[in-house]
Amino acid sequence: LPIRIDLKAFELKQSWFFIHQLPQQQLAATASVKLSQNGQLTLRSLQLQHQYASISADAQADLSFPFKHQLSTSLNLHSPDYPSTRLNLNSAGDLKNLQGQFAVRDSANINGRFSLKDVLQQASWQADLSINDTTLNDWLSAFAINGLEPLRLDGNVNLTGDAAQRMQIIPDLDVIYATQDATMTGNITLEGQQLTLKSVTLASPERGGLSI
């Protein structure tokens, strides 16, 4: 690009917007942006403040194919409708091969790694989740599922998917409901609206097992 831009400071405050019939939303933002003559965009210290969430990010990206980038971002969810949640995410790569990792805290304790390949052609993705003694009741209550005993997950989940809307889930989880402990393993495939269970086992030392 034959231009160079260096915006040292940008600030937006006391901004209100409306989405359909939802209550009015308030948004504030600060950032600095630099566009180099070699076509590289740098976003420094982006801060977005909403009454229900806040986001901070630093990013660097090439504005030419394959759009190589690096991104570091964090999100804090503080909506009255959902459990308080922190998400930290880092990614790097381009449209041919992107990789990253993330961590969820407060409402859950989840670490994950992911990759995405060939976004513009036969896209495919893969993710590995490590779920550490996470209680689901607060999230279930957010979707009006109440009255359950404490339900916790601990273990690992592998997910893969592709542009054909096919997703494969391979769990290796301890499922703890109240004082009952069971292990869930197997292979679950979702393709379109069809769900296929293969060698899925839910086994409990006290109550035996269920295999599908």
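The values are calculated or read from the model by the stated rules, or taken from the named source; none is laboratory data. Note that the coordinates shown come from a computational prediction; the quantities given were computed from them, not determined experimentally. Reconstructed Cβ throughout: ideal geometry from the backbone, glycine too, with neighbour counts over all protein chains shown. For the accessible areas, the whole protein counts, side chains as well, though only heavy atoms, and no ligand, DNA or RNA atoms are used. Shrake-Rupley method; radii C 1.70, N 1.55, O 1.52, S 1.80 Å.
Quick rundown of the values:
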quantity: With eigenvalues of the C-alpha gyration tensor scaled by 5 and rooted, region 82-135, Å; calculated: 26, 11, 9
quantity: Of all accessible heavy-atom area on the chain, the percent that carbon and sulfur account for (1.4 Å); calculated: 55 percent
quantity: Computed helical MRE - 222 nm, the chain, DSSP H runs ≥ 4 contributing -39500 (n - 2.57), nearest 500; calculated: -500 deg cm²/dmol
quantity: Exposure ranking of E11, E149 by accessible area [1.4 Å probe, largest first]; calculated: E11, E149
quantity: Pairwise label distance in nanometres, N132 with L35, each label 7 Å out on the Cα-Cβ vector; calculated: 4.2 nm
quantity: Cα gyration tensor, region 3-110 - rounded (a/c under 1.5), prolate or oblate; calculated: oblate
quantity: nm² value of the averaged projected area, convex hull over the Cα atoms of the chain; calculated: 15.2 nm²
quantity: Long-range lysine pairs (8 or more apart or interchain), the chain, Cα under 26 Å; calculated: 8
quantity: GNM flexibility winner over the chain from A103, A31, A164 (Cα, springs under 10 Å); calculated: A164
quantity: Per residue solvent-accessible surface (Å²) - the chain, probe of 1.4 Å; calculated: 65 Å²
quantity: Length added when fully stretched, K198-S84, from 0.36 nm per residue minus Cα-Cα; calculated: 37.5 nm
